[in-house]
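Quick notes on the structure that follows.
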Amino acid sequence: MTDDLSLLIDRLRFLVDHPGDDLGAVEHTLTEGYARALALEAERRRAEGRVRELAGEADALAEQRILKVRLEQIDAELTELRGLLASLAATLKTPV
């Protein structure tokens with residue numbers, strides 16, 4: 001996980017646990033989180049496309065392995081990110 005994603009996830013966790021009264025911070029963090037999720041999904045599509053391009057090429061096994069590991073990482077990152085985004089978005093719908 002990259003440092004910027006780790007920082008974003010830390011902020012999301014904090015806001016989920018301590019939503020407070022700063023609606024602007026929550027909305028900004030949600031927007032940043034949704035943008036990051038879209039970027040990860042785009043990276044995932046590119047990696048999947050590359051795996052398909054390399055299919056059947058014996059000399060590309062190392063790159064295929066690297067791409068498959070990255071795909072697993074992206075899936076884990078997206079799962080965590082989406083869960084936190086859903087939790088934080090739910091705090092906006094909960095009456096204070």
- Note on the structure: Summing -39500 (n - 2.57) over every DSSP H run of at least 4 in the chain, dividing by its residue total and rounding to the nearest 500, the 222 nm mean residue ellipticity is -29500 deg cm²/dmol
- Selected from Ala42, Ala60, Ala86 as most flexible by GNM, with the chain as the system and alpha-carbon contacts under 10 Å: Ala60
- Query: FRET efficiency for Glu41 and Leu92, Cβ-Cβ distance as r, R0 = 30 Å, nearest 0.05?
  - Reply: 0.85
- About its Cα centre, what dipole magnitude does the chain give when the only charges are +1 on Lys and Arg Cβ and -1 on Asp and Glu Cβ, stated in debye to the nearest 20? 280 debye
- Query: For the chain, modelled as a GNM with alpha-carbon contacts under 10 angstrom, which of Glu53, Glu27, Glu41 fluctuates the most?
  - Reply: Glu53
- Label points 7 Å out from Cα along the Cβ direction at Leu23 and Ala62: separation in nm? 5.5 nm
- Message: Using +1 at the C-beta of Lys and Arg and -1 at the C-beta of Asp and Glu, which of Thr79, Gly20, Leu5 has the Cα lying farthest in the positive direction of the dipole of the chain?
- Response: Thr79
- Task: Using the Cα centre as the reference, give the magnitude of the dipole from point charges on the C-beta atoms of the range 46-96 (Lys, Arg: +1; Asp, Glu: -1; all else neutral), rounded to the nearest 20 debye.
- Result: 260 debye
- Task: With a length cut of 27 Å (Cα positions projected on each helix's long axis) and a Kyte-Doolittle mean of at least -0.5, go through the chain and give me the DSSP H helices that pass.
- Result: 61-93
- Task: Just the number, please: carbon plus sulfur as a percent of the accessible area of the range 38-93, 1.4 Å probe, no ligands or DNA/RNA counted.
- Result: 56 percent
- Compute the accessible area per residue over the chain, keeping the other protein chains in place, probe 1.4 Å, unit Å². 66 Å²
- Message: Can I get the semi-axes of the range 27-90's equivalent ellipsoid? Compute them from the C-alpha gyration tensor as square roots of 5 times the eigenvalues, in angstrom, largest first.
- Response: 31, 10, 7
- Query: Tell me, in nm to one decimal, what length is gained between Arg70 and Leu5 on full extension, where the rule is 0.36 nm per residue of separation less the Cα-Cα distance?
  - Reply: 21.9 nm
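The values are calculated or read from the model by the stated rules, or taken from the named source; none is laboratory data. These numbers come from a predicted model, not from an experiment. Quick reminder, even Gly has a Cβ in these numbers, built from the backbone with ideal geometry, and neighbours come from all protein chains shown. Quick note on the areas: whole protein, heavy atoms, side chains included, nothing else; ligands and nucleic acids left out. Shrake-Rupley method; radii C 1.70, N 1.55, O 1.52, S 1.80 Å.
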